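Participant: Handing you this structure, nothing more for now.
The values are calculated or read from the model by the stated rules, or taken from the named source; none is laboratory data. Computed from a predicted model, the values in this text were never measured in an experiment. Ideal geometry is used to build each Cβ from the backbone, glycine not excepted, and the neighbour counts take in all protein chains shown.
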């Protein structure tokens, strides 16, 4: 690698978060810095480049001349195109981000002695069987799932310096969909969650702590994380309504097919034996919902 492609102030204990300005990335950076770690981040926004914040656009070719910190101990690959619809409509462009450039970057890092953590998804399975094991054969039914499965296979072939962490749906405290539900319900407006689409959600706090644990133990291979059970979006909306103290009759469920969505899995839960190996227990399906930033309406209102 050319000398001018190295930022020399990193150490072999440093951590690189690729996609540090994304939802998971920014929470991860904050948590790791709170633990006293030296964290580098990447951004695809040139105006946000700063100390320990480098420019890296995963939509462009990841070439040898790209600036990367050297001596990075661990890199966490959070940058991805996660929109199912964008992956379906433009498989070529999204595959460049989610597969080709991700694998190229990981190979470069592994060749330099870096331990790489790749964030993947339950969508590598077809969702027809509950709690698939980490060793089960993948069978994605969406373009996004195919890209994740392809990236997993290529990354794991790089050797024992790669961890793949498969998550079910990760919910941040300010998840736009649920925030909009809460806003509409509080205003006594009707909402239309899906009755036949499910999730096994984990909170972003849980996800970040798990990634930190994988980082600490350098646990390679596949790790799976999901809630203990699935819940429909309809049931999630009812749970939110009860927390807000509003009438659940404001919830009028619809089918995902009515929204023009072509596929939704029957199950999103994963076998979490690998979590137990890291000293974690899978959370309940309502645990992530309890951490949302929504206002609870008092009984007097």
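Participant: Could you go through region 167-177 and let me know if any residue there is surrounded by fewer than 16 Cβ atoms within 10 Å (Cβ to Cβ) and in contact with a helix residue (DSSP H, G or I) (Cβ under 7 Å, 6 or more places away or on another chain).
Facilitator: Our first condition is that a residue be surrounded by fewer than 16 Cβ atoms within 10 Å (Cβ to Cβ); within region 167-177, this holds for 173-174, 176-177.
Next cut, in contact with a helix residue (DSSP H, G or I) (Cβ under 7 Å, 6 or more places away or on another chain) only: 173.
Yes: one or more hits.
Participant: Keeping to region 44-62, report how many residues are free of Cβ contacts under 8 Å to residues at least 24 places away in the same chain and within 22 Å of residue 74 (Cβ to Cβ). I'd like the intermediate steps shown before the answer.
Facilitator: Residues of region 44-62 free of Cβ contacts under 8 Å to residues at least 24 places away in the same chain: 46-47, 49-52, 55, 57.
When the remaining residues are screened for being within 22 Å of residue 74 (Cβ to Cβ), the result is 49-52, 55, 57.
Qualifying residue count, region 44-62: 6.
Participant: Now a separate question. Can you tell me which condition residue 217 does not meet? The list is (1) at pLDDT 95 or above; (2) under 28 Å from residue 119 (Cα atoms), and all the others hold.
Facilitator: Residue 217 satisfies all of (1) at pLDDT 95 or above; (2) under 28 Å from residue 119 (Cα atoms) except (1).
Participant: In addition: Here is a list of conditions, (1) over 21 Å from residue 145 (Cα atoms); (2) surrounded by 13 or more Cβ atoms within 10 Å (Cβ to Cβ); (3) at pLDDT 80 or above, and residue 88 meets all of them except one; can you say which number that is?
Facilitator: The one condition residue 88 does not meet is (1).
Participant: Next question, about the same structure. So which of 189, 243 is surrounded by fewer than 19 Cβ atoms within 10 Å (Cβ to Cβ) and either in contact with a helix residue (DSSP H, G or I) (Cβ under 6 Å, 6 or more places away or on another chain) or in a helix (DSSP H, G or I) (or both)? It would help to see each step written out before you state the result.
Facilitator: Values: 189 fails: either in contact with a helix residue (DSSP H, G or I) (Cβ under 6 Å, 6 or more places away or on another chain) or in a helix (DSSP H, G or I) (or both).
Every option except 243 fails the conditions.
Participant: Is it the case, given these coordinates, that residue 33 is at pLDDT 90 or above, surrounded by fewer than 16 Cβ atoms within 10 Å (Cβ to Cβ), in contact with a strand residue (DSSP E or B) (Cβ under 8 Å, 6 or more places away or on another chain) and over 18 Å from residue 162 (Cβ atoms)?
Facilitator: Working: at pLDDT 90 or above: yes; surrounded by fewer than 16 Cβ atoms within 10 Å (Cβ to Cβ): yes; in contact with a strand residue (DSSP E or B) (Cβ under 8 Å, 6 or more places away or on another chain): yes; over 18 Å from residue 162 (Cβ atoms): yes.
Considered against the rule, which asks whether it is at pLDDT 90 or above, surrounded by fewer than 16 Cβ atoms within 10 Å (Cβ to Cβ), in contact with a strand residue (DSSP E or B) (Cβ under 8 Å, 6 or more places away or on another chain) and over 18 Å from residue 162 (Cβ atoms), residue 33 comes out as yes.
Participant: Could I ask something else about it? Can you find even one residue in region 214-225 that is farther than 25 Å from residue 271 by Cα, part of a loop (DSSP other than H, G, I, E, B) and touching a strand residue (DSSP E or B) at 6+ places or on another chain (Cβ under 9 Å)?
Facilitator: First pass over region 214-225, keeping only residues farther than 25 Å from residue 271 by Cα: none.
No, that holds for no residue.
Participant: Next question, about the same structure. When you check residue 134 against the structure, is it part of a strand (DSSP E or B), in contact (Cβ under 8 Å) with a residue 60 or more places away in the chain and under 21 Å from residue 225 (Cβ atoms), yes or no?
Facilitator: Numbers: part of a strand (DSSP E or B): no; in contact (Cβ under 8 Å) with a residue 60 or more places away in the chain: yes; under 21 Å from residue 225 (Cβ atoms): yes.
No; evaluated as a whole, the condition is false for this residue.
Participant: Next question, about the same structure. Look through 189, 169 and report the one residue that is at pLDDT 95 or above and under 24 Å from residue 133 (Cβ atoms).
Facilitator: It is 169.
Participant: A further question follows. Tally the residues that are out of contact with any helix residue (DSSP H, G or I) (no Cβ under 9 Å at 6 or more places or on another chain), exposed (fewer than 15 other Cβ atoms within 10 Å of the Cβ) and assigned to a loop (DSSP other than H, G, I, E, B), restricting the search to region 262-283.
Facilitator: Total meeting the criteria: 1.
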